[in-house]
Amino acid sequence: MRRRLPALVLTAALATVAGCSGGGAEESTTEPGSTGDASVCVGGDLPTLTDGVLTVGTSVPYEPWYVGEDPTTGEGFESALVYAVAEHLGYDHDQVIWETVTFEQIIAPSIKPFDFAAYQTTITPERAEVVDFSTPYLDTLQGLVVQETGAYGAATTLAELEGARVGVTAGQTSMPIAEAAWGDAVELVPFDDAGLAMQAMTNDQIDAVVMDVNQAVAASTVYFPDSAVIGTLPEAGQTAQIGFVLDLGSDLTGCVSAAVDALQGDGTLAELSTQWLRTDDIPALS
């Protein structure tokens, strides 16, 4: 039996555009990772909630971000990234503990029960007013999913979808990005979450689905294997970026950002993306 794809809580740019709502395409006036004092980044001895331990917040785990229901395995893009960050900061695997929270807790203007959260949270100016973000660890685009053997399975351009019924998640940036891509050439059908849209496509109620391309790959390979990601939509405004979330003004923001920067510089982020997200070869639709 196929598993239902969880709601996309990939917030703001994924959830205005869900794991969520915000303004992902706006240019941020707050520099992610700019707060905090990097001088306190003493290996394994940071001012964390619990001495000698990194507490990481996340919500319901699902692929490709986490594999299975246990985030401690180090499998999945964000699970593996968290342990890479922890190692850079001087913490062993068993010095990382996970706190289950809701997405609303992650982005709310309140004291957090974690040192930082890893849950596909899009950086937006509105959110940056009430929480800190690390340096972005992922840029994300919107992918187009179709039935592999359906009428649009061989499409390579946006124009070939003319007249199609395309599912999008209401209130997320997939809607304005799809509107910018097609205008009135397709019928955009709103759904409460991407899983419902994918199920509707499986039932031939719609022809295609627009969602975050990373989640789209997982949807087509894990949850709905008769579907395929045929490409990404053109960007509409600034590229959405995902970062770790910390308390506003956290002393750890600079340290976590420095770790992300180092993992970017040594190629670790690219390696993890290739291994877990598998979006390297997806073409851009024109």
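Structural remarks
- Verdict on residue 129 being farther than 23 Å from residue 220 by Cβ and either among the small types (Gly, Ala, Ser) or out of contact with any Lys or Arg (no Cβ under 7 Å at 6 or more places or on another chain) (or both): yes
- Among residues of segment 108-143 being of a type in the set (Val, Ile, Thr) and at pLDDT 95 or above, the one that is nearest to residue 240 (Cα to Cα) is 135.
- In segment 105-125, residue surrounded by the fewest Cβ atoms within 10 Å (Cβ to Cβ) [restricted to those that are farther than 23 Å from residue 84 by Cα and over 15 Å from the mean Cα position of the chain (by Cα)]: 111
- Subset of segment 193-225 [at pLDDT below 95 and either in the same structural domain as residue 270 (by TED's automatic domain parsing) or in contact with a strand residue (DSSP E or B) (Cβ under 7 Å, 6 or more places away or on another chain) (or both)]: 193, 194, 211, 212, 213, 214, 216, 217, 219, 220
- If you go through segment 108-131 and keep only what is in a strand (DSSP E or B) and acidic (Asp, Glu), you end up with nothing.
- Across segment 254-271, the number of residues qualifying as outside any helix (DSSP H, G or I) and small (Gly, Ala, Ser) comes to 1.
- Selection from segment 227-266 of residues that are within 26 Å of residue 172 (Cβ to Cβ), among the acidic types (Asp, Glu) and in contact with a helix residue (DSSP H, G or I) (Cβ under 7 Å, 6 or more places away or on another chain): none
- The number of residues in segment 205-241 that are aliphatic (A, V, I, L, M) and in contact with an Asp or Glu (Cβ under 8 Å, 6 or more places away or on another chain) comes to 4.
- Residue tally, condition among the charged types (D, E, K, R) and under 27 Å from residue 239 (Cα atoms), over segment 70-123: 4
- Members of segment 228-250 found to be of a type in the set (D, E, K, R), out of contact with any Leu (no Cβ under 8 Å at 6 or more places or on another chain) and part of a loop (DSSP other than H, G, I, E, B), listed by number: none
The values are calculated or read from the model by the stated rules, or taken from the named source; none is laboratory data. Just so it is clear, the model here is predicted, and its values are computed rather than measured. Methodologically, a virtual Cβ is constructed for each residue, glycine included, from the backbone with ideal geometry; neighbour enumeration extends over all protein chains shown.
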